[in-house]
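The values are calculated or read from the model by the stated rules, or taken from the named source; none is laboratory data. The shown structure was predicted, so the numbers you read here are calculated from the model rather than taken from an experiment. We place every Cβ from the backbone using ideal geometry, glycine too, and count neighbours over all the protein chains shown. These accessible areas exclude ligands, DNA and RNA; they are computed on the full protein's heavy atoms, side chains included. Shrake-Rupley method; radii C 1.70, N 1.55, O 1.52, S 1.80 Å.
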Amino acid sequence: MKALISAEEKLKERIKELKCLYAVSSFIANSNLENLSPTIQVIANSLQKAVRYPEDASVEILLNKEIFREGEEPVNKVFLLSAIKAFNIPIGSIKVGYSEDKYTSNDFLNEEKRLIQKVASEIGNLFERKQIIEKELMAKRQMERVDRLAILGEITAGIAHELNTPLANILGYSELLKDQFADNKDATSDLEKITNSAIYSREVVKKLMFFSCEMPHQMKQTNIVPIIKDAISLLKPNFISKHIDCKVQILEEDIPYRVDSIQLTQVIFNLIINAIHFSPENGTITVNVRQNIKNIIIEISDEGEGIDVSKSENIFNPFFTTKQVGEGSGLGLSVVHGIVKSHKGTIEHSPNTPKGTTFTIKFPKK
């Protein structure tokens, strides 16, 4: 056991502690919130220098399963421990220790205990600030995305209405011309191409109207389980051609909801066709349908490459696509978003572990 500390030594130790607190405050004030590891490491170093016997001390800061150390950790040690909390939730700890071969718990000063608690509190405050800023940025991005989608909805609704009349005229007059040139095979063939192109364009217009929620609904209370199962069964040839396994997990056979069955079928179709496109051969697509007190939840997961972070905010925008040219119009997910929104629901995407993407749809029960 070490000798009792003198008044002069106490003063020196107090100065070291104050210097440490000043340094910690400075490190935190100038920290990079995107990467806090360097800040935590220099705090551990500063804390080691502030204790009574720095040459024999070991400091360990544990944060979110990551460890920051200073000094050689003894096999058997006596130590001080203080929890690090953010919003009263434990996120880590600070441990300062000595080898019990040379020291006892009596070698820690009361001021050192308070110092470690204060440093733990400062680190906790730092992580609280980081979480607040991250939540603010996320909320801002969500609001900006909602605004963009609302504007896009208005624009696409206008485009759809403007295109409907000329497309109807093209189809009508091309049919009349077919009758007039019935004996001319070349002319008939060209007119057939015009008709097919007009029909394709009309389908794009329908998708635009789905996105802008302008299509009339045939809403009625029904069991959505058979609708989902039928939609999946119709895609069986697509699964077989790419050797993909589809696992359907539905715990309840009766999940009633007021829905447009055709539109719900289109949502399931679009999401699963999208999952098939991005899935590797011999991959697995999982469809999970369940309900709780508040929501009906539909999850569709694939094992593809996942969605790049730089593109994640745009995938529900019309005409945005990551597929090769000619493989998609970029309206599939925007149509899904429009239908889900028109049913007062929400749709989100998240990484699928260990790889791929999961789309989660929530329909509110009330």
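Listed values, structure above:
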{"item": "Check on residue 73, in contact (Cβ under 8 Å) with a residue 24 or more places away in the chain, open to solvent by 10 Å² or more (accessible area, probe 1.4 Å) and not in a helix (DSSP H, G or I)", "result": "yes"}
{"item": "Residues located in region 251-273, provided they are in contact with a helix residue (DSSP H, G or I) (Cβ under 6 Å, 6 or more places away or on another chain) and free of Cβ contacts under 8 Å to residues at least 60 places away in the same chain", "result": "253, 255, 261, 265, 268, 269"}
{"item": "Checklist (1) outside any helix (DSSP H, G or I); (2) modelled with pLDDT of 90 or more applied to residue 38, failing item", "result": "(1)"}
{"item": "Failed item, numbered, when residue 83 is tested on (1) part of a strand (DSSP E or B); (2) open to solvent by less than 30 Å² (accessible area, probe 1.4 Å)", "result": "(2)"}
{"item": "Region 87-105: number of residues that are closer than 12 Å to residue 52 by Cα and open to solvent by 80 Å² or more (accessible area, probe 1.4 Å)", "result": "0"}
{"item": "Which numbered condition residue 47 fails, given (1) closer than 14 Å to residue 108 by Cα; (2) modelled with pLDDT under 90; (3) of a type outside the set (S, T, N, Q); (4) in a helix (DSSP H, G or I)", "result": "(2)"}
{"item": "Pairs where the first residue, in region 172-186, is over 14 Å from residue 196 (Cα atoms) and in contact (Cβ under 8 Å) with a residue 12 or more places away in the chain and the second is aliphatic (A, V, I, L, M) and outside any loop (DSSP other than H, G, I, E, B), C-beta under 9 Å, 6+ apart", "result": "177/187; 177/191; 177/194"}
{"item": "Complete set of residues in region 26-65 that are within 25 Å of residue 136 (Cβ to Cβ) and open to solvent by 60 Å² or more (accessible area, probe 1.4 Å)", "result": "27, 29, 30, 32, 34, 35, 38, 64"}
{"item": "Selected residue (only one of 58, 46, 82 is within 36 Å of the chain's Cα centre (by Cα) and within 27 Å of residue 130 (Cβ to Cβ))", "result": "82"}
{"item": "Identity of the residue in region 255-294, among the hydrophobic types (A, V, I, L, M, F, W, C) and open to solvent by 50 Å² or more (accessible area, probe 1.4 Å), that ends up farthest from residue 232 (Cα to Cα)", "result": "293"}
{"item": "Matching residues in region 232-253 - criterion: being part of a helix (DSSP H, G or I) and among the β-branched types (Val, Ile, Thr)", "result": "232, 240"}
{"item": "Some residue of region 332-342 being open to solvent by 10 Å² or more (accessible area, probe 1.4 Å), in contact with a helix residue (DSSP H, G or I) (Cβ under 9 Å, 6 or more places away or on another chain), at pLDDT 75 or above and under 23 Å from residue 356 (Cβ atoms)", "result": "yes"}
{"item": "Some residue of region 356-366 being at pLDDT below 85 and over 21 Å from residue 141 (Cβ atoms)", "result": "yes"}
